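I have placed the structure first, in the form of structure tokens, so that the comments after it can refer back to it.
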Amino acid sequence: MPIIAVIGAQWGDEGKGKVVDLLAEKANLIVRFSGGDNAGHTVVNPYGEFKLHIVPAGIFYAHTVCLIGNGVVVNPAVLIDEVNQLNERGVDTSRLFISDRAHLIMPYHTLLDGLEEEARAGKALGTTRKGIGPAFADKIARLGIRAGDLLDKEALRERLGSVLDYKNAILTKVYGADPLSLEKVYQDYCRYADYLAPLIRETTIMVAEALDRGELVMLEGAQGSLLDPDFGTYPYTTSSSPLAGGGCLGAGVGPSRIDRILGVFKAYCTRVGSGPMPTELADEVGDMIRERAHEYGATTGRPRRCGWFDAVAASFSSRINGFTEAVITRLDVLDTFSRLKICVGYKLNGETIDYFPGSIAALEKCQPIYKELPGWQATISHIRKYQQLPAEARQYVDRLEEIVSCPVSIISVGRGRGQTIFRGSNW
Ligand code: GDP
Ligand code: IMO
Ligand code: MG
């Protein structure tokens, strides 16, 4: 049986939570593979509405094992809180496990994320301030503390002691902040260890065994491809790879095991945080999309920047991920527009280009070139069959399909599980 990867194709918040919750019905194992609690995955299902930050969106089915992969950075306090909240709302989390290799977000990471953002002043990245960048930086700098370290409290104290000396020097000498107490941090993480120890596993074996049994495994992406540190709008990016390739590294599976790569696209674009977004609409049309779609961050509550669908960015995203299929979400948000625009190229220094520039200085100068399409001006959220969509809506989807160079196999027309149109025989 295959692995299906569900990947954010734009700047995040494409609706990955809905898609994973929907498709997890047929899966046996779900692995979150990147990011941390910077993610906010909204799920609307018979249990209610949830904004998941760290627990995989497959948690609502009795038969799915949910793994927090090695590629995720875990804030134990946030995870424990989220698990408790799920339990209080009647969701069983007994099938949740954490990779022993997943790095932990420590109190100095969240502090430094905030202090670094303040220091950037007018050039702040607009991070979620959850400690994500500092935690991934420590992973690469070989200063990280991993979930597996919670299993040996003696070793944890020793490791924490040496790292905290260094972190306290930065907090006090660079930022003039107060140092953290080793004893306090150690005691807190010992408490987390007591709670989390039974969940910590060698998860790559669990994935491999599920595949060997012929079960369906899903990789749950976080963030979006244009926030990738290599291919996104660097430095206005996140700090781990949201791409399909990141799925291999962050879950511990080889590329040959992934059969289907679903790129999740909104029918328009949004971005939260700073950095270039060529199709951003800083006008009443942008406001209209934001209010109609309630485009406010699931993690920070910040208003999302809204704009038309960017075909240049979308085809780039499709290329670097190798999408085998696309999912179009929030098509219903466009119901009221009489004309729709798709950005088909950029004007840069008087020339027309059709590629996504690597330099943000260039990207900031890019002016979108739009092609207009007619809107459908009808309600579509009750429709479940592609052929029943208004002709203009089908035309719009067909155009997106050409842009992303792979079949659109799911169209989402509302927040609920059921508000979905499946296409093709592959489901
Ligand atoms: P994620 O981070 O990719 O999981 O996406 P978010 O949960 O941050 O944001 C997506 C938002 O869109 C959530 O509020 C979803 O409930 C909502 N949503 C998902 N699909 C649809 C859809 O087809 N139509 C509408 N109107 N809302 C949707
Ligand atoms: P989901 O999984 C949208 C953005 C932040 C900021 C940048 C860096 O819900 O799609 P970070 O805290 O990661 O260092 O912030 O990345 N960002 C997201 N934007 N959706 C997300 O996740 C995001 N996770 C991070 O707003 O611009
Ligand atoms: Mg989100």
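Here are the numbers:
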item: 29 Å tail of the calculated P(r), the chain, as % of Cα pairs; result: 45
item: Within the chain: Cβ-based charge dipole about Cα centre, in debye rounded to nearest 20 (Lys, Arg +1; Asp, Glu -1); result: 440
item: Net charge, Arg399 excluded, C-beta distance under 12 Å - Lys, Arg +1, Asp, Glu -1; result: -2
item: Beta bridges by DSSP in the chain, antiparallel share as percent, to the nearest 5; result: 40
item: Cα gyration tensor category, rounded, prolate or oblate, for the range 165-227 with a/c compared to 1.5; result: oblate
item: Loop sites in the range 179-222: GluC sites (Glu not before Pro), DSSP, at most 14 other Cβ within 10 Å; result: Glu202
item: Candidate aspartates and glutamates for bridging to Lys123, where Cα separation is under 20 Å - those fewer than 8 sequence places away on the same chain excluded; result: Asp113, Asp228, Asp230, Glu280, Glu364
item: Vicinal HN-Hα couplings computed from phi for the range 158-168 (Karplus, 6.51 cos²θ - 1.76 cosθ + 1.60; Hz; Gly/Pro x); result: 5, 5, 4, x, 6, 5, 5, 3, 5, 5, 5
item: Carbon + sulfur, % of accessible area of the chain - ligands and nucleic acids excluded, 1.4 Å; result: 51
item: For the range 63-132, size of Cβ-based charge dipole, Lys and Arg +1, Asp and Glu -1, in debye; result: 180
item: Electrostatic dipole magnitude of the range 112-178 [Cβ: Lys, Arg +1; Asp, Glu -1; Cα centre; debye, to 20]; result: 180
item: Cα lying deepest toward the dipole's positive end in the range 255-399, options Thr279, Ile360, Phe316, charges on Cβ; result: Phe316
item: Shape category assigned to the range 103-196 from the gyration tensor of Cα positions, a/c cut at 1.5; result: prolate
item: Cross-link table Lys51/Lys266; Lys26/Lys51; Lys51/Lys139, entries beyond 25 Å C-alpha to C-alpha; result: Lys51/Lys139
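The values are calculated or read from the model by the stated rules, or taken from the named source; none is laboratory data. Bear in mind the structure is a predicted one, so any value in this text is a computation, not a measurement. Glycine gets a Cβ as well: all are built from the backbone with ideal geometry, and neighbour counts include every protein chain shown. Remember, those area values only see protein heavy atoms, side chains included, never the ligands or the DNA or RNA. Shrake-Rupley method; radii C 1.70, N 1.55, O 1.52, S 1.80 Å.
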